[in-house]
Amino acid sequence: MYGIVLIIHSWLRWAVLAAGIAAVARGGARDSSTGRWFTILLDVQMLIGLLLYFVLSPFTTAALGDFGGAMKNPQLRYFAVEHVFGMVIAITLAHIGTAKIKKAPAERRARLALIFYGLALVAILASIPWPGMPAGRPLFRF
């Protein structure tokens, strides 16, 4: 079960990134569905991530069992704290952006989308365990 959920979580990141790029590019459009899809995909990704974090992942199970020891191990610390923290910031920025864009006049929507969705995208890109990082993972899992 862990392997299947991890593969889904890994592949869904590409949909999240594509939706984030589309939300930044089309954020000021009259149709705000790209930003909504970005936020929805982030929420689904978060739910899958929480399932991995609290139930399925041997990394976070070990980290939560000995949190002090996990802080001394860069790989455990990354998945127990850094990855989660960055992604929560990204999700928060995307939700705030969606709410502000919905209420903003048409001439301000593109700028708000660029700011909030752009910052969310930066947080996501900084928090993904890219290959080559100490806690790096492959670009595609099979």
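Taking the stretch 12-58, which residues are of a type in the set (Phe, Trp, Tyr) and surrounded by 13 or more Cβ atoms within 10 Å (Cβ to Cβ)? Walk me through how you get there before you give the answer.
In the first step, residues of the stretch 12-58 are kept if they are of a type in the set (Phe, Trp, Tyr); the result is 14, 37-38, 53-54.
The answer is Trp37, Phe38, Tyr53.
Hey, among Thr60, Thr39, which residue is closer than 19 Å to Ile128 by Cα, among the β-branched types (Val, Ile, Thr) and in contact with a Ser or Thr (Cβ under 7 Å, 6 or more places away or on another chain)?
Numbers: Thr60 fails: in contact with a Ser or Thr (Cβ under 7 Å, 6 or more places away or on another chain).
Every option except Thr39 fails the conditions.
Residue by residue, here is whether (1) farther than 26 Å from Phe116 by Cβ; (2) without any contact (Cβ under 8 Å) to a residue 12 or more places away in the chain holds:
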site: Ala25; (1), (2): no, yes
site: Arg36; (1), (2): no, no
site: Met46; (1), (2): no, no
site: Phe54; (1), (2): yes, yes
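Results for (1) more than 15 Å from the chain's Cα centre (by Cα); (2) touching a residue at least 12 places away in the same chain (Cβ under 8 Å); (3) surrounded by fewer than 16 Cβ atoms within 10 Å (Cβ to Cβ), shown as yes or no for each residue.
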{"position": "Thr60", "(1), (2), (3)": "yes, yes, no"}
{"position": "Asp66", "(1), (2), (3)": "yes, no, yes"}
{"position": "Ala80", "(1), (2), (3)": "no, yes, no"}
{"position": "Gly86", "(1), (2), (3)": "no, yes, no"}
{"position": "Ile89", "(1), (2), (3)": "no, yes, no"}
{"position": "Thr98", "(1), (2), (3)": "yes, yes, no"}
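Mind checking which residues of the stretch 1-59 are assigned to a helix (DSSP H, G or I) and acidic (Asp, Glu)? First the steps, then the outcome.
At the first step, the residues of the stretch 1-59 found to be assigned to a helix (DSSP H, G or I) are 2-25, 33-56, 58-59.
Of everything in the stretch 1-59, just one residue is assigned to a helix (DSSP H, G or I) and acidic (Asp, Glu), namely Asp43.
What are the residue pairs meeting all of these: first residue in the stretch 107-118, first residue under 17 Å from Ala90 (Cα atoms), second residue of a type in the set (Phe, Trp, Tyr) and in a helix (DSSP H, G or I), Cβ atoms under 8 Å, and 6 or more apart or on different chains?
Tyr117/Phe38
Return yes or no: is Ala123 closer than 22 Å to Val5 by Cα, surrounded by 13 or more Cβ atoms within 10 Å (Cβ to Cβ) and in contact with a helix residue (DSSP H, G or I) (Cβ under 6 Å, 6 or more places away or on another chain)?
On the way: closer than 22 Å to Val5 by Cα: no; surrounded by 13 or more Cβ atoms within 10 Å (Cβ to Cβ): yes; in contact with a helix residue (DSSP H, G or I) (Cβ under 6 Å, 6 or more places away or on another chain): yes.
Considered against the rule, which asks whether it is closer than 22 Å to Val5 by Cα, surrounded by 13 or more Cβ atoms within 10 Å (Cβ to Cβ) and in contact with a helix residue (DSSP H, G or I) (Cβ under 6 Å, 6 or more places away or on another chain), Ala123 comes out as no.
Just so you know, all these numbers are worked out from the coordinates, no wet-lab data involved. Everything quoted here is computed from the prediction, not taken from an experiment. Heads up, the Cβs are rebuilt from the backbone with ideal geometry, glycines too, and the neighbour counts pull from every protein chain shown.
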